[in-house]
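Data block below; observations after.
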Amino acid sequence: MRTDSEFTRILSWPGYRVYRLEIDEKAKTLKLWIRRKRGNRKIECSGCGRKFTEVAEVRERAVRDLPWGEFQTTVFIEIYRVKCPQCGVKREKVLQLPTKAPFSNRLEDAVGLACESAAARQVARQFFLSASTVRRIDLRYLERWDAGRRQPALRQMGVDEIHLGKQQRFLTVVCNLETGEPLWFGRERKKETLDEFFRTELSARQRRGIEAACVDMWEPYRLSLAQRAPNCRIVYDKFHIMQHANDAVDEVRRAEFFRKGGRMRGLVKGKSWLLLSRWVHLDTGKKRQLNKLFALNRRVMKAHLLKETLDRLWSYHYEGAMLRYLQNWIDQLRWQRLEPLRKLALMLLDHLDGILNYCRTKVPLGVVEAVNGNIKSLLRRGRGYQNLRYLLLKAQRMAVTNTEFVVLRKAA
Ligand SMILES: [Zn+2]
């Protein structure tokens, strides 16, 4: 029939033709029944790829396809099963059907693509699917993408932890500093956690190929790296050290104001973020507020200034100069009675070698921070990330598409 051949052309599933259709204008649904075109006799086992001419049985399957205009489309396809000497009775391979799931490949691709820039719930509405189905499709889409790409060698790695809350506690995040991509997630932040990464993800040769790691001054990670990556230099990076500095300033502020209670407490309430932001990023009004705070308490001001000046440590590229700057910085703490900062200084001295390694091994600054930020924004945006594999693939895809975006912008 003429109509069927036109529907066949619009559907355009190579090798298949529409032989029956149903249009429900009220429900806005379109149903298409398809089977192989006469010449299409290439039957392939979906398990091993062996070719067959004999068919063991024929079954019909309903598959959701891309919507046609406002119509939800379901394709009823005849699928053959073959008697394979290797796999037994097995379904034939159909290009448009990547898995057993009742969705066409191109619908899954469209859903996956939409999920890159919208929440699962919005995508669900757009494609007439449930949000949980959209997440499952998105996961398969990402798995297919991941299977089809090559992983670059790991030479510089970052290790960071993300606090997930009181119940799930910590997530250890390993990333590739050169590509800016997260590589692996592990529960907790023990030595065994990082050990597991080295054991399950890398060969002995790959572990020897790691030349540098940016990590927090956290002993379990250091121990794991020392043991499993023999040629790796540990670099205690700016991002992690400045996190400790921020914590120290916060502690001074709390000691100076909050513990005193009453009127003082009211004055600084809600201003802690001011102390944590960098001075250059504040506008005049905010700077005035901060100055007011400093006038009330010199010690808070001093702590804030010390944090600001520590930031400059990473502007030095020569070991000697960096060391001198750090010594001068620590000297300023004398007579100040700023206990949290004194503790920070001791911590820095304990990890001096790893801090100075920044001058010996060039590692990109800010990558660990960016990866961490991306993961946190994913966690904030969506539910359904109890599945760590999904979260990881999502963050990887995000890193890769961002990279492409940056490259495009540079070209323009
Ligand atoms: Zn087979």
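The values are calculated or read from the model by the stated rules, or taken from the named source; none is laboratory data. Just so you know, these numbers come straight off a predicted model, no measurement behind them. All Cβ positions, glycine included, derive from the backbone under ideal geometry; neighbour counts span all protein chains shown. Heavy atoms of the whole protein, side chains included, go into the accessibility calculation; ligands, DNA and RNA do not. Shrake-Rupley method; radii C 1.70, N 1.55, O 1.52, S 1.80 Å.
Identify all residues within the stretch 15-34 that are open to solvent by less than 30 Å² (accessible area, probe 1.4 Å) and either within 16 Å of the ligand (Cβ to nearest atom) or outside any strand (DSSP E or B) (or both); write none if there are none.
Gly15
What is the number of the single condition among (1) open to solvent by less than 30 Å² (accessible area, probe 1.4 Å); (2) of a type in the set (Gly, Ala, Ser); (3) more than 17 Å from the chain's Cα centre (by Cα) that Gly148 does not meet?
Condition not satisfied by Gly148: (1).
Mind checking whether some residue in the stretch 116-128 is closer than 30 Å to Ile234 by Cβ and loosely packed, with under 15 Cβ neighbours inside 10 Å?
no
With respect to the numbered conditions (1) of a type in the set (Val, Ile, Thr); (2) farther than 22 Å from Thr133 by Cα; (3) assigned to a strand (DSSP E or B), which one is the sole condition not fulfilled by Val55?
Among (1) of a type in the set (Val, Ile, Thr); (2) farther than 22 Å from Thr133 by Cα; (3) assigned to a strand (DSSP E or B), the lone unmet condition for Val55 is (3).
Taking the stated definitions as given, is Lys362 open to solvent by 50 Å² or more (accessible area, probe 1.4 Å) and over 17 Å from Ile234 (Cβ atoms)?
no
Looking at the stretch 191-217 only, could you name the residues that are in a loop (DSSP other than H, G, I, E, B) and crowded, with 17+ Cβ neighbours inside 10 Å? First the steps, then the outcome.
Filtering the stretch 191-217 for residues in a loop (DSSP other than H, G, I, E, B) gives 202-203, 209-211, 216-217.
Across the stretch 191-217, the qualifying residues are Leu202, Ile210, Asp216, Met217.
Might you let me know whether the stretch 86-95 holds any residue that is within 21 Å of Ser5 (Cα to Cα) and away from the ligand (no atom under 15 Å from the Cβ)?
Within the stretch 86-95, one or more residues are within 21 Å of Ser5 (Cα to Cα) and away from the ligand (no atom under 15 Å from the Cβ).
Which ones in the stretch 327-350 are buried (at least 17 other Cβ atoms within 10 Å of the Cβ) and under 34 Å from the mean Cα position of the chain (by Cα)?
Across the stretch 327-350, the qualifying residues are Pro340, Leu341, Leu344, Ala345, Leu348.
Could you tell me whether Lys37 is within 16 Å of the ligand (Cβ to nearest atom) and more than 32 Å from the chain's Cα centre (by Cα)?
Taking the combined requirement at face value, the residue does not satisfy it.
Those residues that are farther than 19 Å from Arg91 by Cβ and at pLDDT 95 or above, I need them from the stretch 30-57; list them, please.
Leu30, Lys31, Leu32
Looking at (1) surrounded by fewer than 16 Cβ atoms within 10 Å (Cβ to Cβ); (2) in contact with a Pro (Cβ under 7 Å, 6 or more places away or on another chain); (3) not small (Gly, Ala, Ser), which is the one condition that is false for Lys100?
Single failed check for Lys100: (2).
Only residues in the stretch 33-59 that are farther than 30 Å from Ile23 by Cβ count as the first member; pair them with residues that are of a type in the set (Lys, Arg) and near the ligand (Cβ under 9 Å from one of its atoms), Cβ under 9 angstrom, at least 6 apart or cross-chain, and list the lot.
Close Cβ pairs satisfying both conditions: Glu44/Arg50; Cys45/Lys90; Ser46/Lys90; Gly47/Lys90; Cys48/Lys90; Ala56/Lys90.
Any idea which residue in the stretch 57-88 is farthest from Ile34 (Cα to Cα), counting only those that are more than 40 Å from the chain's Cα centre (by Cα) and open to solvent by 50 Å² or more (accessible area, probe 1.4 Å)?
The extreme case among them is Pro85.
Quick check on my filter: what residues within the stretch 40-60 are near the ligand (Cβ under 10 Å from one of its atoms), under 16 Å from Pro98 (Cα atoms) and in contact with a strand residue (DSSP E or B) (Cβ under 7 Å, 6 or more places away or on another chain)?
Listed by number, the residues that qualify are Glu44, Cys45, Ser46, Gly47, Cys48.
Can you tell me which of (1) outside any strand (DSSP E or B); (2) buried (at least 20 other Cβ atoms within 10 Å of the Cβ); (3) in contact (Cβ under 8 Å) with a residue 24 or more places away in the chain; (4) touching a helix residue (DSSP H, G or I) at 6+ places or on another chain (Cβ under 6 Å) is the one Leu154 doesn't meet?
In the conditions (1) outside any strand (DSSP E or B); (2) buried (at least 20 other Cβ atoms within 10 Å of the Cβ); (3) in contact (Cβ under 8 Å) with a residue 24 or more places away in the chain; (4) touching a helix residue (DSSP H, G or I) at 6+ places or on another chain (Cβ under 6 Å), Leu154 misses (4) alone.
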